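One structure is given below, encoded as structure tokens.
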Amino acid sequence: MTGQETRNGWTRRGLLAGAAAGGAGVAAALIESTPVLAAGTRSGNRADAPLLPKPMAGASFVLEGPGLALGTFTACRGLSTEVKVVEFREGGDPATVRKIPGPVSFHEFRLERPLNASRAASEWLQMVVDGHILDARKDCELAIIGTNGDAVARYQLDNAWPSNVEVGMVTIDGTDVLLETLTIACEHILRIAP
């Protein structure tokens, strides 16, 4: 696709410009989720090309677990798994550096929503504050819900517990909104079938 060709209203130049404005993460998401001609397609017939999934907008996030009734969140940030890279020199050759996988980290992530009357997140954190960490740890599932109400992705979280609940004011389109942010720590993250 050249800079002027369009697919579903997007040009590659427009995608790249928008991605540059939004950072590398946005660039990868836009480029990966935008339908384009498949590599090696010679016919030039766009109907022959397989389409990649469109970007999902308007998703919501629900954390489900035993004894949890947290409700719906509007944003999720930082859900990630990282494998540390360990470098070592092989034999006596100082120029040969090998890289192998090291420790695996499951990072804390944040769920956000406008503040409401629910005290469930604060009560869950209070269990940790009061020293009841064994009761606070939950094997949970984080469901990502699409606009049609169906789960489009699920993540299994082992031994999840809240490490922080924060309430703060943000300005969105000139309107002040109180947000509740729940930070979750867990020992393992695994994507499972929706």
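Please treat every number below as a calculation from the coordinates, not as lab data. Since this is a predicted model, take the numbers as computed values, not measurements. Don't worry about glycine lacking a Cβ; one is built from the backbone with ideal geometry, like all the others, and counts go over all protein chains shown.
Here are a few things to note about the model shown:
- For region 56-194, the alpha-carbon radius of gyration amounts to 1.31 times the rule-of-thumb value 2.2 N^0.38 Å expected for a compact globular protein.
- Per-peptide average of other Cβ atoms within 10 Å, ordering 90-97, 116-123 highest first: 116-123, 90-97
- The slack in the chain from Ala151 to Val86, taken as 0.36 nm per residue of separation less the alpha-carbon distance, amounts to 19.7 nm.
- Added length on full extension, which subtracts the Cα-Cα distance from 0.36 nm per residue, His107 to Arg191: 28.8 nm
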